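Peer 1: Have a look at this one before I ask anything.
The values are calculated or read from the model by the stated rules, or taken from the named source; none is laboratory data. Remember, it's a predicted structure, so these values are computed and weren't measured experimentally. Don't worry about glycine lacking a Cβ; one is built from the backbone with ideal geometry, like all the others, and counts go over all protein chains shown.
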Amino acid sequence: MTTQVFLRPIGSPLTIGMSGLAIASLVQSGLDLHWLAPGQSHDVGLILVTVPFVLQLVACVFSYLARDGATGAAVGVLSVSWAAMGLVHLSSAPGSRSGALGLMLLCAAAMLGLSAIASGAAKPLPGAVFTTAGIRFAVAGIYELGASSAWQHAAGIIGLVICAGAGYCVLAFELEDMQHRPILPTFRRGRARVALLGDPAQRVDSVTDEAGVRQTV
């Protein structure tokens, strides 16, 4: 019996997912650090439910199509979390807090941490960024539940770190996609390294027994 597999090459969905994360982190940090007036919280909410939500939703879908469930889960949680945060901004008075949002952020932080552990086993760089995003959500959640404004400022500062890390990921993985080899350090290991640098037989190893197109990208 002969099995035929039709490969459909796609670019790394991490680039668009990290782009959404960088945008959302910077905009929300602007509000947390009072670079933006509290009255602009509705504008921040509108941005969160349009730009990062859509970008990360697309990244989530293509991550699963690329057989990368850990990354798909992480960017999926990020996508809907930013959407929820944006909708709360839109529906609440500027400067107000939401206990419900705080609980959601704490749970999202835990789910991001679990996905980061799985993702980091093969791709430590995005795993570290997802971990930092989880910490930011946890800190923001504590603030929403009634902690002092220092927690809000801490969340804003962590958001700037995330923005820088996500930006590096975008550049590193886009250069990698263009050149088909690492240009900047991405610290791939295991199956993720084989998927990029292995011989053709290794890149599609066991694909006849699984859905998808090749090893995790």
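Peer 1: Going residue by residue through segment 122-138, is there one that turns out to be surrounded by fewer than 19 Cβ atoms within 10 Å (Cβ to Cβ) and either touching a Phe, Trp or Tyr at 6+ places or on another chain (Cβ under 7 Å) or without any contact (Cβ under 8 Å) to a residue 12 or more places away in the chain (or both)?
Peer 2: Among the residues of segment 122-138, at least one is surrounded by fewer than 19 Cβ atoms within 10 Å (Cβ to Cβ) and either touching a Phe, Trp or Tyr at 6+ places or on another chain (Cβ under 7 Å) or without any contact (Cβ under 8 Å) to a residue 12 or more places away in the chain (or both), which makes the answer yes.
Peer 1: Taking Ala108, is it under 13 Å from the mean Cα position of the chain (by Cα) and either within 17 Å of Gly76 (Cβ to Cβ) or among the charged types (D, E, K, R) (or both)?
Peer 2: For Ala108, the condition - under 13 Å from the mean Cα position of the chain (by Cα) and either within 17 Å of Gly76 (Cβ to Cβ) or among the charged types (D, E, K, R) (or both) - is met.
Peer 1: Restricting to segment 50-93, what's the tally of residues that are crowded, with 18+ Cβ neighbours inside 10 Å, aliphatic (A, V, I, L, M) and farther than 24 Å from Pro124 by Cβ?
Peer 2: The total comes to 5.
Peer 1: Among what's in segment 138-196 and is aliphatic (A, V, I, L, M), in a loop (DSSP other than H, G, I, E, B) and over 18 Å from His89 (Cα atoms), pick the residue that is modelled with the highest pLDDT.
Peer 2: Ranking the qualifying residues of segment 138-196, first place goes to Ala147.
Peer 1: Another question, if that's okay. What single numbered condition from (1) touching a Cys at 6+ places or on another chain (Cβ under 6 Å); (2) closer than 21 Å to Val139 by Cβ fails to hold for Gly72?
Peer 2: With respect to (1) touching a Cys at 6+ places or on another chain (Cβ under 6 Å); (2) closer than 21 Å to Val139 by Cβ, Gly72 is out only on (2).
Peer 1: So, in segment 61-94, of the ones that are closer than 24 Å to Ala128 by Cβ and of a type in the set (Val, Ile, Thr), which residue ends up modelled with the lowest pLDDT?
Peer 2: This residue is Thr71.
Peer 1: Another question, then. Kindly indicate whether Ala108 is touching a Phe, Trp or Tyr at 6+ places or on another chain (Cβ under 6 Å), assigned to a helix (DSSP H, G or I), touching a residue at least 40 places away in the same chain (Cβ under 8 Å) and not charged (D, E, K, R).
Peer 2: No: the conditions fail for Ala108.
Peer 1: Can I ask one more? If we scan segment 40-48, do we find a residue that is out of contact with any Ser or Thr (no Cβ under 6 Å at 6 or more places or on another chain) and among the β-branched types (Val, Ile, Thr)?
Peer 2: Checked segment 40-48: at least one residue is out of contact with any Ser or Thr (no Cβ under 6 Å at 6 or more places or on another chain) and among the β-branched types (Val, Ile, Thr).
Peer 1: Using the structure shown, decide if Ala122 is part of a helix (DSSP H, G or I) and either within 24 Å of Val77 (Cβ to Cβ) or modelled with pLDDT of 80 or more (or both).
Peer 2: The answer is no for Ala122.
Peer 1: What do you reckon, is Met178 farther than 24 Å from Leu26 by Cβ and either under 13 Å from the mean Cα position of the chain (by Cα) or surrounded by fewer than 17 Cβ atoms within 10 Å (Cβ to Cβ) (or both)?
Peer 2: yes
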